[in-house]
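Presented below is the structure to which this report refers.
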Amino acid sequence: MIVAEHSLSQLSSALATGLTIDTFPFTTRVTSQCSRMAINLHQMYGDFEVSQTNQMPDFDVSIKHHRRWYKPQAQFYFDDYPPFVPLPAAQDYAMFEWGLNWCYANHANEYLILHAAVIARNQQAIIMPGFPGAGKSTLTCELMFNQWQLLSDELALINPKNQLIAAPRPVSLKNQSIDIIQQRHSSAIITEPAKDTNKGTVAHVKPSQQSLNSQQAPCTPAAIVFPKYENQQALQANEIDPAEALVTMAEQGFNYHLLGEIAFDRLSAVVDNCQCYRLCYSSLDEAVEWFDSLLPSSEPRLTATKVLGKNGKQLSC
Amino acid sequence: MLTLCQVLTQKTGPKLSINEWDSLVRQARKSLLLAQLAETAQSSETTQLGGNGLPPQVSRHLASARTLANAHQRAVKWEFDRIESALLSVNTKIILLKGAAYLSQQMPHAQHRLYGDIDILVQSDQLEVVEERLKWAGWATTQHSAYDEKYYRRWMHEIPPLQHAKRASNLDLHHRILPPTARITVAGEPLIENAVQSKHYPFFHTLAPADQWLHSAAHLFCEGEADHGLRDLFDLLQLAQHFLNIDPNYLHQVVNRSNQLGTSRLTHYALRYIKYFLWPELSDEHANACMDKPHHLLSALMDKIFIRTLRPQHLSTQLPGTRAAAKLLYFRSHYLRMPWKLLIPHLIKKSLSQDKAAAVG
C-alpha cells in the first residue's frame with residue numbers, strides 16, 4: 001500500500017507512533033507529531049510503499065518540536081539521539097530530509113557514497129559531483145522532468161560491483177530555483193518553502209513516478225559531468241582528464257576515507273568507464289539538450305562521436 | 001542480563017526475533033559496540049547467531065560498522081607513526097593509554113573498537129618539550145577561553161586537547177591519570193616508573209598490566225557523561241580476560257595495586273558493575289578485598305545511578321529515572337574532581353558562559 005492511499009489523518013496517526021516507508025535501497029521508520037511533517041510526507045512520498053510487515057528499518061528517525069511558546073525549534077533524532085543542533089520549527093521537514101541524507105552518508109558503508117547528483121537513461125548513469133553553487137539541484141530537477149531517471153539529487157551510491165544504486169527521494173531546491181522549476185513545470189509538486197534556512201529558502205520537489213518505477217535496477221556509470229551555472233554564458237562542454245575527475249570526486253566522498261583502498265579501486269573502476277566533462281551553461285534548455293545528446297533516449301549506449309559542444313558543433317572524443 | 005550483554009559475552013539464549021535485533025543494533029550503535037556485536041555474531045557457533053542465519057537487514061549494518069572500525073584502526077596506527085615521528089628526539093617514555101594501548105598490544109577486541117582520540121602520558125617535567133614538538137608537527141591547541149586554558153594547566157591531569165591541523169585527529173597529553181585536586185588521585189610517577197615498552201610498537205610504552213586496569217576503572221568511575229559506559233565496562237572485561245590468560249593472579253594484583261595507590265574505591269565499583277552487567281560468575285572476593293569500600297547506603301545509591309547510566313543509552317532499554325541519574329553522575333564527577341572552594345566558582349562560571357553561548361546561538 002502506498003502512502004497516497006492513506007488519508008492525511010490516517011497518515012498523521014501512523015506517523016505519530018512510527019511510520020515505516022520503503023526508501024529504496026533502505027527502509028526508514030519516521031516518527032513525528034508535527035503537522036507539517038504529515039502534510040509534506042503525504043505529498044512528497046505519495047508513491048512510496050508503506051512497509052506492512054514487521055521488519056527492522058535501516059534508519060529509525062524522528063522529528064520533534066521543542067520550546068512550544070518561545071522561538072519553537074525542531075530537532076532531528078537518529079536512534080533516539082540528536083546528532084545536530086536544533087533548527088527553527090518551520091524547517092522541520094527540511095531537517096528530516098537533510099537528516100536522512102546524513103543517515104545514508106554515515107551508516108551505509110557497503111556503498112562508496114559521494115556527494116553528487118545522479119541521473120540515468122536506460123540504466124546508463126551520469127554522475128554530477130556536488131560543488132556548492134553549481135546549480136546541480138536545479139539541473140537535476142529539470143532533467144527529471146525531461147524523462148531522465150532520478151537516482152539521487154545528493155548521494156551517489158556505488159556498490160561493490162561498481163554500479164550506481166538508485167535512492168530517489170524528494171529533490172531539494174533553493175531560492176530562485178523553486179520558482180524557476182514551478183514556472184517551467186506546472187505539474188511539479190513542491191512543498192511550501194521553508195524560509196531563512198542557512199541555505200536560504202528551501203523547498204522539496206516530489207520525485208517522478210518514472211524514477212521510482214526504475215529504482216530497483218542498478219545502473220552502469222557512463223559519464224561524469226561537472227556542471228557550472230554561469231549567467232549569460234553560452235553552453236561550453238570540455239572533456240577533462242579522468243585523473244582530475246577521480247581526485248575531485250574523492251574529495252566529495254562522504255565515506256571515501258573509511259573504505260580506504262576499496263574506495264580508490266571502486267572509484268577508479270567507475271571513472272575508467274566514464275567520459276568526463278566540465279559543462280558551463282546558463283540555459284536549462286540547452287543543458288538538457290546537451291545531456292540528451294550524451295545519452296539519446298533511442299540508443300542504449302553512450303556513443304562518443306555524438307557529443308554536442310559549444311555552438312552545437314560536434315566534439316570528437 | 002541485558003540481551004546485548006548476553007550476545008556480546010556469547011551466552012546462549014533463545015533465537016532473537018527481528019524486533020529484538022532492531023533494538024540490539026541500535027543499543028550497540030549507541031554504545032559504540034556495533035562492530036563488536038558484528039564480531040560476536042560472526043564468530044558465534046550458536047545457531048541463532050551464526051553468520052549465515054542473520055537477517056540481511058541486520059548483517060548489512062553489522063558489516064557497515066566493521067568497515068568503520070577497520071578505518072579507525074588504520075587511522076590510529078597512522079597516528080602512532082606520526083606521533084613517533086614528532087617525538088623521535090624526545091628522550092622520555094611516551095606511554096599510550098586506554099584504547100591506543102589496547103590496539104598497540106594487539107588485544108583481540110581492539111580490532112572491533114572505535115577510537116575518538118589518542119591518550120598519552122608523559123612525565124610532568126617533559127610536558128613542555130613534548131607539547132612543543134607536537135605543535136611543530138602540526139598539533140594545535142583546540143579553541144578554549146583563557147579561563148579554560150588556565151583551568152586545564154593548573155588543575156587538571158592533562159593539557160587542553162590537541163587537534164592536528166591537517167588530519168583533525170585528537171590527542172590528549174597527560175602528565176597524571178587523575179587531576180591533582182581530585183578527592184581520589186594518584187601521582188603520575190608510580191605509573192610511569194612501572195610502564196613497559198610496547199612489543200609491537202617499541203617507540204611507545206604502555207602501563208603495567210595491573211595499572212592499565214586501574215586506570216581504565218578510574219577513568220570510567222570518575223566520568224561525568226553517560227555516553228559509553230557499557231563500552232568502557234566491556235574494555236575492562238576484555239583487559240581482565242586477556243591478562244588472566246597470562247597470569248591467573250591478575251585480579252589480585254589489580255586490587256593490591258589499587259589499595260597501594262589509593263584508587264580502590266574506583267576499582268571496587270568497576271568490579272561490582274562488570275559482575276552486574278557482563279560477568280555474573282566473577283567472584284566477590286576481589287571487590288571485597290578493596291580497602292576503600294563504600295558504605296552500604298552509598299553503595300545502594302551508586303547502584304541506582306550506575307545501573308541506569310552504564311546501560312546502553314537507548315529508549316528501548318532505558319529505566320525510569322535515567323535523566324536524574326545522569327545529572328547525579330555529572331555532579332558526582334565534578335564533586336570528585338575538585339574541593340568545594342574550587343568547584344562552586346567553577347560551576348557558576350561554566351553555567352554563566354553556557355547561558356551566554358545559548359543566547360548568542
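The values are calculated or read from the model by the stated rules, or taken from the named source; none is laboratory data. What you are looking at is a predicted structure, and each value in this text was computed from that prediction instead of being measured. All Cβ positions, glycine included, derive from the backbone under ideal geometry; neighbour counts span all protein chains shown.
Would you check which residues across the range B:149-159 are surrounded by fewer than 18 Cβ atoms within 10 Å (Cβ to Cβ) and either part of a loop (DSSP other than H, G, I, E, B) or out of contact with any helix residue (DSSP H, G or I) (no Cβ under 9 Å at 6 or more places or on another chain) (or both) and list them?
Hits for the range B:149-159 are B:E149, B:K150, B:Y152, B:R153, B:R154.
Residues that are crowded, with 19+ Cβ neighbours inside 10 Å, within 14 Å of chain B (Cβ to nearest Cβ) and within 13 Å of the chain's Cα centre (by Cα): does the range A:80-96 have at least one?
No: zero hits.
Could you run through the range A:97-129 and say how many residues are within 14 Å of chain B (Cβ to nearest Cβ), small (G, A, S) and within 22 Å of A:L41 (Cα to Cα)?
Qualifying residue count, the range A:97-129: 1.
Any idea which residue in the range A:159-181 is surrounded by the most Cβ atoms within 10 Å (Cβ to Cβ), counting only those that are polar (S, T, N, Q) and more than 18 Å from the chain's Cα centre (by Cα)?
Here the residue is A:N162.
Take the residues in the range B:1-33 that are in a helix (DSSP H, G or I), of a type in the set (A, V, I, L, M) and surrounded by 23 or more Cβ atoms within 10 Å (Cβ to Cβ); name whichever of them is nearest to the other protein chains (Cβ to nearest Cβ).
Among residues in the range B:1-33 that are in a helix (DSSP H, G or I), of a type in the set (A, V, I, L, M) and surrounded by 23 or more Cβ atoms within 10 Å (Cβ to Cβ), the one nearest to the other protein chains (Cβ to nearest Cβ) is B:V25.
Could you pull out the residue among B:L230, B:L251, B:L236 that is aliphatic (A, V, I, L, M) and more than 11 Å from the chain's Cα centre (by Cα)? Give the steps one after another, and end with the answer.
Numbers: B:L230 fails: more than 11 Å from the chain's Cα centre (by Cα); B:L236 fails: more than 11 Å from the chain's Cα centre (by Cα).
Exactly one residue qualifies, and that residue is B:L251.
Going through the range A:267-283 one residue at a time, which ones are touching a Phe, Trp or Tyr at 6+ places or on another chain (Cβ under 9 Å), outside any strand (DSSP E or B) and either farther than 27 Å from B:A71 by Cβ or within 14 Å of another protein chain (Cβ to nearest Cβ) (or both)?
Of everything in the range A:267-283, just one residue is touching a Phe, Trp or Tyr at 6+ places or on another chain (Cβ under 9 Å), outside any strand (DSSP E or B) and either farther than 27 Å from B:A71 by Cβ or within 14 Å of another protein chain (Cβ to nearest Cβ) (or both), namely A:S282.
Looking at the range A:156-185, which of its residues are assigned to a loop (DSSP other than H, G, I, E, B) and at pLDDT 95 or above? Steps first, please.
Taking the range A:156-185 first, the residues assigned to a loop (DSSP other than H, G, I, E, B) are A:159-163, A:166-170, A:175, A:185.
Selection gives A:N159, A:P160, A:K161, A:N162, A:Q163, A:A166, A:A167, A:P168, A:R169, A:P170, A:H185.
Of (1) in a loop (DSSP other than H, G, I, E, B); (2) away from chain A (no Cβ under 14 Å); (3) within 23 Å of the chain's Cα centre (by Cα), B:Q36 satisfies all except one. Which?
Checking B:Q36 against (1) in a loop (DSSP other than H, G, I, E, B); (2) away from chain A (no Cβ under 14 Å); (3) within 23 Å of the chain's Cα centre (by Cα), the one that fails is (1).
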